[in-house]
Every structure is written in C-alpha cells, then in structure tokens.
Amino acid sequence: MKICKFGGTSLATAGGVAKVCNVVLGDHERRVVVVSAPGKRTPDDRKVTDMLIACAEARLAGKPGRAEIEAVIERFAGIQRGLNLPDSLTDGIRKDLAARMEGDIGHKGRFLDRMKAAGEDNCARLVTAELCRRGADARYLSPREGGLLLSDEYGNAQILPESYSNLAALREAEWITVFPGFFGYTRDGAVVTFPRGGSDITGAILAAAVGAEVYENFTDVDSVCAIDPDLAPDVKPIPELSYREMRELSYAGFNVLHEEAIVPTVRAGIPICVKNTASPEGLGTMIVPERKHATGDVVGIAYNIGFCTISMSKYLMNREIGFGRRLLQIIEDEGLSFEHMPSGIDTLSVVLREADLDEATEKRVLERIRAELGCSDAEIKRGLALVMIAGERMRHRIGTAATATRALADANVNIEMLDQGASEISMMFGVKQEDAPRAVRALYDAFFGRL
Ligand code: ASP
C-alpha cells in the first residue's frame, strides 16, 4: 500500500486536479491520498491558504471580508467548473466558509486555524468528487473521524501518540481514502494546524500509521536537487538521500519536503519518494534509512535566511561553572528556542530565528546578559543566513572543511560562524544574508564541479 501526498501547485487548477487523479488511478496500490490546498497557478498568484488567512484577518479586524471570501470561492469554483463537477460542490464550499467565518473569534489562534484548514478540507472534497466521477470508489475522510489528534499548539501542532493506532484502521479500507493534509483535531475537538507546509507531515503520519510500503510525495519538481535549481541551471538531481541528510537539508532550506515530515517515517522505517506529478513514471528522489548509492561526499547544499546571533565574551568564561545554563535560562524565560550555540574559550554565541526576537525581547535579553552574566559587550547581529553542506560520507573524509572554506574565501564570502554538528554529516556556515546565494554557488562548484 502506498500513501501519496500532492502539493498545492499540483492542485492549483482543474487540469492539475485531473492529473492528480490520473496518478492516483494509475496504480492500484495508491489507496490513501493526502492533499494540500490549491497553491499558486502562476508565480505572482496567491495560495488558497494565504487567501484564507486574509479572510480571517478581515474578520478579526471587524470587517465582513466579503471580497476575500468570494476570491476563495472563485478559486474552488474554477476547479469545479473546469472538471464539470456539479455546482452543488461550490455551494457546499460557500456554506462551509460562511460557517467558519462566523465562528468564535475569542481565541485568535483557534479561529485562524479553523479558517486555514478550509483549503485542504474543501480540496479533499473536490478530489474525492472527481475520483468518483471517474468511477472509482473514493471516500473523503475527515481527520476527526480518522482520529488524527494533535496538541493544542495552534499553527504549530504536534502529533499525539494515540493517533497512530487510530489511523492504522485505514489499512483495511478497500476504497481510496482522500484525506485533507495540514490539520487535525485537539482532544477537545478544535481544528488545529501543523506549521505551514504541514500536509507533508500528515502524509508521513499516515504512512507510518498504516505501515506503507512507500510514502510518495508528489510535487512540481522531478527530484530533489543538490542546490536550489533557481540558483543555477542544470543542477544535479539527487537519486537517493538518507533520512538524516534530508532532515539536515530540509532544516537548512530545502523546501521540497517539510523538515518535520521525516521523523514519523524514520521511526517506521518507511522510504519516502519525492516525485513530479507531471512525470509520475520518473524515478524521483528516494529518501531511505541507509543510502546505497555511492555519490560524492557532499550530497546537497542548502541555505536559509532570517537568523541572528547574540554574541558575548568574558575573560575566563571557560572556567565559569554554570555560565551556559544561566544563559539558556534567560533564553528559556523569554520563550525563545535556540538553533545553535557555537562557542570559543572566552566567547559564546546563540543563533536564533530573527522573527522570534522583537525589539522589546531583544532589549530585555541583552540587559539580562549584561547584568546577570557580566558580559558588557553582548550584542545582536541580524541578517544572518545559514549555509549547510551535508552528506553521510563527509564524516570519513579529511579536508571537506578545507575545501569549503577555500571556496568561500575565493568567492569573497566572509564566514561569520562555523558549526559542525556532533553527527558530522553536515557543516554549517553563518554568512551575511546577501552573500548566501554566492556562497552556495561557490560551494557547489567546489564539490560538484564548475557550473
Ligand atoms: N496549505 C498549507 C500551506 O500553504 C499546507 C501545505 O500546503 O502543506 O502552508
């Protein structure tokens, strides 16, 4: 049994939905289908999820948000008409959206999540209708009935363990189950969503719950590439990646697969296959527990922007017992999570996501570090990008760091921070945001040959 998940760009138009249905019906093992909300039709179009957020924001601002809602209905109606499905489907979507808009706004996060979930939920209904019109026995399943229970962290939910046994029943279904991605329910029955892009997580959870043979993740690229293909033409596709390589690269900016979608499949040992909806017969990229293909030492180079560092120094910091703990306590008291903590003998930096650190928090954190830790020179640097090279075989190779730093120096990129995780399968360079694309190209040249 295969679990297949289709991303928003594959479901953006009637033609896209038709292709998705061809793919599903092209293999009788594709028995559980997870869908995203319709995405962008053109580069300057809007995703339905963003349009739904606009609806919610209008309501929260005390406005009726009629134009915003009509725009969403029109997106779905376009797909319904394009597929010659009955108008009653669009009527149902209209009613559903109206009910969500009229919902309680007392808890902002809960209201927003209920609105956001409408994209996947209604898309799943449309896909089910199209599969049925073609004669298939396809049935929509709500995450509530399926038993996908999540923590009540609105917009950032995590799976509750009982979900796996609840969802295991899907294995027995003799029909095609169409399951909306991105959201589930709290134990007290409220809609709650994963982080953005979270339909990938839904697919991974279902794959683990039913013990699928493979989790097929259909998107708009033929395979995962060694660097972001927008950075250069003819970038090498990656035939195979280990879970750990994918996890590192997704974290560092490869947005083909959500970084949290790896964990459920790793635990269940299920391979993931990233494929293009437009060419389902292609091999795509396999993400497996242990890689068999012997490719180069570095398999991928990713980058992500939006980080900042809090740096401090203090003479004899190395001998001060409890310094790190007290620093992390300050970070914890502010409800911040830190990404990395590179350290020297008398210096320490903490890397955080810029978006988490507003001006007031920044001021408080710096004051406390100065007063409580005695580091008068503590400072925050914003505009940092993290560039990562990753590959299982790096661990056994001498000179990878030398090749990388040489390449960055030759490209005139200043390394602000360097960090190699304990796993030794990745190395991370903190560089100025504006230098990141140049840094990635230089590293690609060094490890994969000139572009
Ligand atoms: N539709 C949601 C988003 O745009 C979730 C997803 O597509 O996976 O973030």
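Of all residues in segment 179-197, exactly one satisfies the criterion of being within 7 Å of the ligand (Cβ to nearest atom) and either modelled with pLDDT under 95 or aromatic (Phe, Trp, Tyr) (or both), namely Phe182.
Of note, Val24 does not satisfy the criterion of being within 16 Å of the ligand (Cβ to nearest atom), closer than 25 Å to Pro280 by Cβ and not in a loop (DSSP other than H, G, I, E, B). Selection over segment 72-110 of residues that are within 24 Å of the chain's Cα centre (by Cα) and surrounded by fewer than 21 Cβ atoms within 10 Å (Cβ to Cβ) gives a count of 3. Of all the numbered requirements in (1) within 26 Å of Leu131 (Cα to Cα); (2) more than 16 Å from the ligand (Cβ to nearest atom), Asp200 misses one, and that requirement is (2).
Apart from one condition, Ser250 fits all of (1) at pLDDT below 95; (2) within 16 Å of the ligand (Cβ to nearest atom); (3) assigned to a loop (DSSP other than H, G, I, E, B); the exception is (3). Taking segment 359-404 as the search range and keeping residues that are out of contact with any helix residue (DSSP H, G or I) (no Cβ under 7 Å at 6 or more places or on another chain) and among the basic types (Lys, Arg), which one is nearest to Pro342 (Cα to Cα)? Here the answer is Lys381. Restricting attention to segment 272-320, the residues being part of a loop (DSSP other than H, G, I, E, B), of a type outside the set (S, T, N, Q) and crowded, with 19+ Cβ neighbours inside 10 Å number 5.
Applying the criterion of at least 3 residues that are touching a residue at least 40 places away in the same chain (Cβ under 8 Å) and crowded, with 23+ Cβ neighbours inside 10 Å to the strands (runs of 3 or more DSSP E) found wholly in segment 146-242 leaves 176-180, 183-185, 191-193, 214-219. Take the conditions over 19 Å from Ala124 (Cβ atoms) and away from the ligand (no atom under 13 Å from the Cβ) and apply them to Ala18. Does it pass? Judged against the criteria, Ala18 is not a match.
Among the numbered conditions (1) without any contact (Cβ under 8 Å) to a residue 24 or more places away in the chain; (2) touching a helix residue (DSSP H, G or I) at 6+ places or on another chain (Cβ under 9 Å); (3) of a type in the set (Asp, Glu); (4) in a helix (DSSP H, G or I), the only one that Asp104 does not meet is (4). Considering only residues that are among the small types (Gly, Ala, Ser) and surrounded by 17 or more Cβ atoms within 10 Å (Cβ to Cβ), look in segment 111-137 and name the one that is nearest to the ligand (Cβ to nearest atom). That would be Gly119.
Please specify each residue of segment 57-69 satisfying the condition of being assigned to a helix (DSSP H, G or I) and either in contact with an Asp or Glu (Cβ under 9 Å, 6 or more places away or on another chain) or of a type in the set (Ser, Thr, Tyr) (or both).
Glu57, Ala58, Arg59, Glu68, listed by residue number.
Is it true that some residue in segment 47-67 is out of contact with any Phe, Trp or Tyr (no Cβ under 9 Å at 6 or more places or on another chain), away from the ligand (no atom under 11 Å from the Cβ) and closer than 30 Å to Ser279 by Cβ? So far as segment 47-67 goes, no, none of its residues is out of contact with any Phe, Trp or Tyr (no Cβ under 9 Å at 6 or more places or on another chain), away from the ligand (no atom under 11 Å from the Cβ) and closer than 30 Å to Ser279 by Cβ.
Each row is one residue, and each column tells you yes or no for (1) outside any strand (DSSP E or B); (2) crowded, with 16+ Cβ neighbours inside 10 Å; (3) not polar (S, T, N, Q).
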| residue | (1), (2), (3) |
| --- | --- |
| Gln329 | yes, no, no |
| Leu336 | yes, yes, yes |
| Ile345 | yes, no, yes |
| Val350 | no, yes, yes |
| Glu362 | yes, yes, yes |
| Arg370 | yes, no, yes |
| Asp377 | yes, no, yes |
| Arg382 | no, no, yes |
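The values are calculated or read from the model by the stated rules, or taken from the named source; none is laboratory data. Values in this document were obtained by computation on a predicted structure and should not be read as measured data. No Cβ is skipped: glycine too gets one built from the backbone with ideal geometry, and neighbour counts run over all protein chains shown.
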